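Right, one structure below, let's go through it.
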Amino acid sequence: MEIEHVLVVGAGQMGAGIAQVVAASGRRVTLHDAAPGAVERGLGAIEKSLVRLAEKGGGDPAAVLARIDRADDLAPADLMIEAVVENADVKRDIFRRADEIFPPEALLASNTSSIPITLLAAATSRPDRVIGMHFFNPVPMLQLVEVIRGLETSDATAAAISALAVDLGKTPAEARDLPGFVSNRILMPFINEAVYALLEGVAEPEAIDTIAKLGFAHPMGPLALADLIGLDTCVAIMDVLHEGLGNPKYAPCPLLRQYVQAGHLGRKTGRGFYSYA
Ligand SMILES: NC(=O)c1ccc[n+]([C@@H]2O[C@H](COP(=O)([O-])OP(=O)(O)OC[C@H]3O[C@@H](n4cnc5c(N)ncnc54)[C@H](O)[C@@H]3O)[C@@H](O)[C@H]2O)c1
């Protein structure tokens, strides 16, 4: 089926980025978020990003923004891309409600970092049309889309989502629906170990990140990356890995959990392992 209109649910850092790249591809986007003011903040972030890209020779920001409208609740489209908080109950409720109002042929995708696609699909009457479409942060800059098939995802659904990713200028890579898929199965233990190094006083945050940047040629160190992702999201992903794989090596570092308890979630709250004035 043609994907011409996309509902993006969640207007946080990922939902805003996803809405931006979908609208920039010429498609119509409806953006919904449950928190008051979140869609406005998301649209503000999109505009800033589009203006920066235009200065480097990108297209007209106003034309892209004109393709994004907002909705106070879920609204039907050809495809939903869900990008709300990393919480299985919240996501399952959205999939159940979307299933009731979307046309039967429409596709339902999640940008989840770790929650089983099969679990989200089971909340719907169309598990063959449910899939993981996992973008990377910042969405307008990073090339990868990890495509995750649930147990019952059809070949046609996977092909349609991979084709859409290519049309958005991204490169799709398929992963099976096992905890953390590929990306976070590798990335999160790396970040978690960096937090343990900090907790145990092996080095200061700047030194830990410098070692990863200069020693491993990573564009940013693991602590700065955790701040970018959101420490709440990191803990949620580690919990899924820990519970789903049953190995204590995936337990979130107590220091990571403590930062979340203190409300220091990284860039989005102005403070994490670093301060963002
Ligand atoms: N942060 C990253 O680097 C990253 C990368 C890839 C995937 N993800 C995944 O993307 C998703 C969103 O992450 P984020 O970093 O954008 O989080 P965020 O905290 O920036 O935004 C989440 C948004 O979801 C909204 N929300 C919560 N419950 C809702 C509901 N019931 N209905 C509608 N909106 C609701 C919140 O109001 C908030 O605006 C998560 O599943 C996360 O695991 C994050």
Checklist entry - Quick check: is even one residue across region 39-58 within 22 Å of Asp93 (Cα to Cα) and among the β-branched types (Val, Ile, Thr)? => result yes
Checklist entry - Considering only residues of region 255-277 that are touching a residue at least 24 places away in the same chain (Cβ under 8 Å) and not hydrophobic (A, V, I, L, M, F, W, C), which is surrounded by the fewest Cβ atoms within 10 Å (Cβ to Cβ)? => result Tyr276
Checklist entry - For region 32-40, does any single residue satisfy the condition of being more than 13 Å from the ligand (Cβ to nearest atom) and either basic (Lys, Arg) or outside any loop (DSSP other than H, G, I, E, B) (or both)? => result no
Next on the checklist: Among the residues of region 232-245, are any more than 23 Å from Asn111 (Cα to Cα) and of a type outside the set (Gly, Ala, Ser)?
Outcome noted: no
Checklist entry - Got at least one residue in region 151-160 being under 18 Å from the mean Cα position of the chain (by Cα), touching a residue at least 60 places away in the same chain (Cβ under 8 Å) and more than 16 Å from Ile237 (Cα to Cα)? => result no
Checklist entry - Pairs, please: C-beta under 6 Å, at least 6 apart or cross-chain, first residue touching a residue at least 12 places away in the same chain (Cβ under 8 Å) and in region 58-71, second surrounded by fewer than 16 Cβ atoms within 10 Å (Cβ to Cβ) and hydrophobic (A, V, I, L, M, F, W, C)? => result Pro61/Val51; Pro61/Ala54
Checklist entry - Of all the residues that make up region 96-119, how many are out of contact with any strand residue (DSSP E or B) (no Cβ under 8 Å at 6 or more places or on another chain) and touching a residue at least 60 places away in the same chain (Cβ under 8 Å)? => result 4
Checklist outcome for this item: Matching residues in region 5-31 (out of contact with any strand residue (DSSP E or B) (no Cβ under 9 Å at 6 or more places or on another chain) and more than 6 Å from the ligand (Cβ to nearest atom)) number 5
Next on the checklist: Condition first: over 18 Å from the mean Cα position of the chain (by Cα), over 14 Å from Phe190 (Cβ atoms), assigned to a helix (DSSP H, G or I) and not acidic (Asp, Glu). Now tell me which residues in region 201-235 satisfy that.
Outcome noted: Pro205, Ala207, Thr210, Leu214
Checklist entry - Among the residues of region 78-114, which ones are in contact with a Pro (Cβ under 9 Å, 6 or more places away or on another chain) and either small (Gly, Ala, Ser) or surrounded by 16 or more Cβ atoms within 10 Å (Cβ to Cβ) (or both)? => result Asp78, Ala88, Ala98, Phe102, Ala106, Ser114
Checklist entry - Hey, His242 hits all of (1) over 16 Å from the mean Cα position of the chain (by Cα); (2) at pLDDT below 95 but one; which does it fall short on? => result (2)
Next on the checklist: Restricting to region 245-254, name every residue that is in a helix (DSSP H, G or I) and exposed (fewer than 15 other Cβ atoms within 10 Å of the Cβ).
Outcome noted: Leu245, Pro248, Lys249, Pro254
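The values are calculated or read from the model by the stated rules, or taken from the named source; none is laboratory data. Being a predicted model, the structure only gives us computed values, none of them experimental. Every residue, glycine as well, gets a Cβ built from its backbone with ideal geometry; the counts of neighbours run over all protein chains shown.
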